[in-house]
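Worksheet for the structure shown next.
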Amino acid sequence: MLRKVLPLISLPALLAGCVTTAPKVDVAEPTQARPSAAAYAPINNGAIFQAGGYRPLYETHRARMVGDIITVNISEATSAKQETTSSIEKKGSVASTISAVPLVRLDQVAKLGAEGSSTNKFDGTGSTAATGNFTGTITATVTEVLPNGHLIVAGEKQIGVARNVDVLRFSGQIDPASIQPGNTVLSSQIANVRIEHMGRGAQQDAQGIGWLARFFLSITPF
């Protein structure tokens, strides 16, 4: 009985091992953070100015604390091209004649001779090109403030239409000096950028390969 159960257990495990998931981007987790509640200690000194509740009058509304939000304008463009050309050619020839041979008449020696030639030529050309463009906008949340003042931001956007869900996830490290008016920043000025744009639902499932077909593709040598 045990011998019959083992093949049934090992078959799903074998098929599960052959199913490859989509590559995952290492987006910083969590993608959101709530600001911590500030402790308020009222001071009964009768003064209008209180240091605990001070906010500069002309302070710009830039993200600077955990829980603040910032708008990231994603504009990533990559282009790479490489071309190689090589050419090798080599030629050689040899010729020899025999003018005299002992104990052989001269008219017979005149017909003796040897010639040879060789040619080797190689031409090779290679070209590689890759181009990628990604544009979009996402509002992220400050999840951590580093000791040097840099901000770790992460955000996630999900849009569901019918039975399909479009998911955009982002994370990166921002220098507050790069934040532009309007509390926006370009993705090209963010370090350690991680962007993931994936889909879920019926449309994404229709573009995938079934687990049984994936299993046979993984074991076939062709």
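Observations on the structure shown:
- Residues of region 167-191 classified as more than 18 Å from residue 32 (Cβ to Cβ) and either out of contact with any helix residue (DSSP H, G or I) (no Cβ under 8 Å at 6 or more places or on another chain) or of a type in the set (Phe, Trp, Tyr) (or both), total: 10
- Selection status of residue 178, polar (S, T, N, Q) and modelled with pLDDT of 90 or more: yes
- Some residue of region 61-74 being under 27 Å from residue 31 (Cβ atoms) and at pLDDT below 80: yes
- Qualifying position, being touching a strand residue (DSSP E or B) at 6+ places or on another chain (Cβ under 6 Å), farther than 16 Å from residue 72 by Cα and charged (D, E, K, R), among 121, 157: 121
The values are calculated or read from the model by the stated rules, or taken from the named source; none is laboratory data. Computed from a predicted structure; not experimentally measured. All Cβ positions, even for glycine, are placed from backbone atoms using ideal geometry, and neighbour counts span all protein chains on display.
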